[in-house]
Amino acid sequence: PATMARGPKKHLKRLNAPKHWMLDKLGGTYAPRPNPGPHKLRASIPLIVLLRNRLKYALNGRETKLILLQRLVQVDGKIRTDNKFPAGYMDVVSIEKTNEHFRLLYDVKGRFQMHRITPEEAKFKLLQVRRQQVGARGIPYIVTHDGRTIRYPDPDIKVHDTVKYDLETGKVVDFIKFEIGQLCMVVGGRNTGRVGVVMNRERHPGSFEIIHVKDAAGHEFATRIANVVIIGKGNKPSISLPKGKGIKLSILEETALRRE
């Protein structure tokens, strides 16, 4: 009989888990399913995968829980005890006890990288503006890529711009307009993780706008505007980048690097 689905899904099969978590195929039937949170399921990574599979601080799920319940791990300056909390792009993961701070960024293969940053840099993050609206009683606000609502933003801030957000005060410190000549990082599609300068913006009313990007090695590629996040004015990044600086190497160049 055709039974109705009751409520949200609670499981995630191992093979259906996002590829960039890099879980082995045979390590069980299931994978940790991220709880609902600031990032989408396919564009996030649960804390349990970060602590156990990436940082290797725990051997199993039980140890991960023990670490989290000791309130040792912060995401964006807030203590998170949920082992399935979805951390996503630009999130700052801090572990006070080891004095480590990581920013979640993509490498050129489209996988999340725990990029080590200084305590100074861990105080802010860059947010891409997804929506800009006027709410109740005429209060303008913007919504960012990680689900934050920021009220009374600078009137010059528009959709697709990037704001520099202070995690301690919860204020917007600075913003970078979406313009030609700005440095950007691609966060979706085939070119995920690549960093380059915005060369050109093709407007297609009613369809997807296409952005042409040129990286530091001179390679050009194009992607949809939704996949592009501005990370710096001109060609100077506002955040430190992981090694490789977001330049995609050809297979031959990669092999040469490995040989060295």
Of all the residues that make up the stretch 31-42, how many are among the charged types (D, E, K, R) and assigned to a loop (DSSP other than H, G, I, E, B)? 2
Qualifying positions in the stretch 209-260 - of a type outside the set (A, V, I, L, M, F, W, C), part of a strand (DSSP E or B) and open to solvent by less than 80 Å² (accessible area, probe 1.4 Å): H212, K214, D215, T223, G232, P237
Among the residues of the stretch 8-30, are any more than 27 Å from N227 (Cβ to Cβ), open to solvent by 60 Å² or more (accessible area, probe 1.4 Å) and in a strand (DSSP E or B)? yes
Being outside any loop (DSSP other than H, G, I, E, B) and of a type in the set (S, T, N, Q) is the filter; apply it to the stretch 161-208 and report the residue that is nearest to L249 (Cα to Cα). N200
The condition from (1) in contact with a Leu (Cβ under 7 Å, 6 or more places away or on another chain); (2) of a type in the set (D, E, K, R); (3) closer than 21 Å to E120 by Cβ; (4) open to solvent by 70 Å² or more (accessible area, probe 1.4 Å) that K78 misses is numbered (1)
Of the residues in the stretch 44-75 that are in contact with a Gly (Cβ under 8 Å, 6 or more places away or on another chain) and either touching a residue at least 24 places away in the same chain (Cβ under 8 Å) or over 27 Å from V187 (Cβ atoms) (or both), the one that is surrounded by the most Cβ atoms within 10 Å (Cβ to Cβ) is I45
Count of residues meeting criterion [open to solvent by 20 Å² or more (accessible area, probe 1.4 Å), farther than 21 Å from G189 by Cβ and touching a residue at least 40 places away in the same chain (Cβ under 8 Å)] in the stretch 93-116: 1
Cβ-Cβ under 9 Å pairs, at least 6 apart or on other chains, the stretch 14-43 side hydroxyl-bearing (S, T, Y), far side open to solvent by less than 40 Å² (accessible area, probe 1.4 Å): T29/R14; Y30/L12; Y30/R14; Y30/A17
By residue number, the members of the stretch 117-159 that are in a loop (DSSP other than H, G, I, E, B) and open to solvent by less than 50 Å² (accessible area, probe 1.4 Å) are I117, G135, I139, H145, D146, P153, I157
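The values are calculated or read from the model by the stated rules, or taken from the named source; none is laboratory data. Nothing here was measured: the structure is a model prediction, and the numbers come from that model. Cβ atoms come from the backbone with ideal geometry, glycine included; neighbour counts cover every protein chain shown. In case anyone asks, the SASA skips ligands and DNA or RNA and just uses the protein heavy atoms, side chains included. Shrake-Rupley method; radii C 1.70, N 1.55, O 1.52, S 1.80 Å.
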